[in-house]
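Peer 1: Here's a structure for you.
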Amino acid sequence: QVQLVESGGGLVQPGGSLRLSCTASGGISSLYTMGWYRQTPGKQRELVARITSDERTNYADSVKGRFTISRDNAKNTVWLQMNTLKPEDTAVYYCNKRNRINGYDYWGQGTQVSVSS
């Protein structure tokens, strides 16, 4: 069953901004940590940002200061605001929902972000 649906990806020029959204049909209660990951061909999927149910956040060094993750459990939604985008940010971005108790992962289908002039 589809759990996560993403939107907001696209093509943007270097220095531009994009806002990714992820809606969870099963909700995002305090049981879950939410995150955004990205992957390019030939590379391992890497953590971009994550946020716990009590709003604690963690960012990859490469995006710290430029990206912001947020969540609204009542809206079943998590966002990734991406500013000052660079060509090296080009990747498929995936939304992740992780059960804090058993570690089970739900993944979105991925959305393409392309940064190019």
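The values are calculated or read from the model by the stated rules, or taken from the named source; none is laboratory data. Only a predicted model underlies this, so the values are computations on that prediction, with no experimental measurement involved. Here the Cβ positions follow ideal geometry from the backbone for every residue, glycine too, while neighbour counts run over all protein chains shown. The accessibility values were calculated without ligands, DNA or RNA, using every heavy atom of the protein model including side chains. Shrake-Rupley method; radii C 1.70, N 1.55, O 1.52, S 1.80 Å.
Peer 1: In nm, to one decimal, how far is the Asp61 label point from the Thr77 one, both placed 7 Å along Cα→Cβ?
Peer 2: Output for this residue pair reads 3.4 nm.
Peer 1: With a 1.4 Å probe and all protein chains left in place, how much accessible area per residue does the stretch 1-60 have, in Å²?
Peer 2: 56
Peer 1: Enter the accessible area of Glu46 (Å², nearest 10), with the probe set to 1.4 Å and all protein chains included.
Peer 2: 80
Peer 1: Evaluate the Kirkwood expression for the hydrodynamic radius of the stretch 56-117, namely the inverse of the mean inverse distance over all pairs of different C-alpha atoms, and round to one decimal in Å.
Peer 2: By the Kirkwood definition, the hydrodynamic radius is 13.4 Å.
Peer 1: Per residue of the stretch 15-32, what does 6.51 cos²θ - 1.76 cosθ + 1.60 with θ = phi - 60° give for ³J(HN,Hα)? Whole Hz please, x for Gly and Pro, Karplus curve as stated.
Peer 2: x, x, 10, 9, 10, 8, 10, 9, 10, 10, 5, x, x, 9, 6, 5, 5, 10
Peer 1: On to the next question. What translational D, rounded to a whole number of µm²/s, comes out for the chain from Stokes-Einstein when the hydrodynamic radius is the Kirkwood one over Cα pairs, at 10 °C and 1.306 mPa s?
Peer 2: The diffusion coefficient I find is 112 µm²/s.
Peer 1: Now, a different point. Put a dot 7 Å past each Cα toward the Cβ at Gln3 and Thr90; how far apart are the dots in nm?
Peer 2: Distance between the two pseudo-spin positions: 3.1 nm.
Peer 1: Within the chain, which is the longest segment that contains none of the trypsin sites (Lys or Arg not before Pro) sitting in a DSSP loop with at most 13 other Cβ atoms within 10 Å?
Peer 2: 1-42
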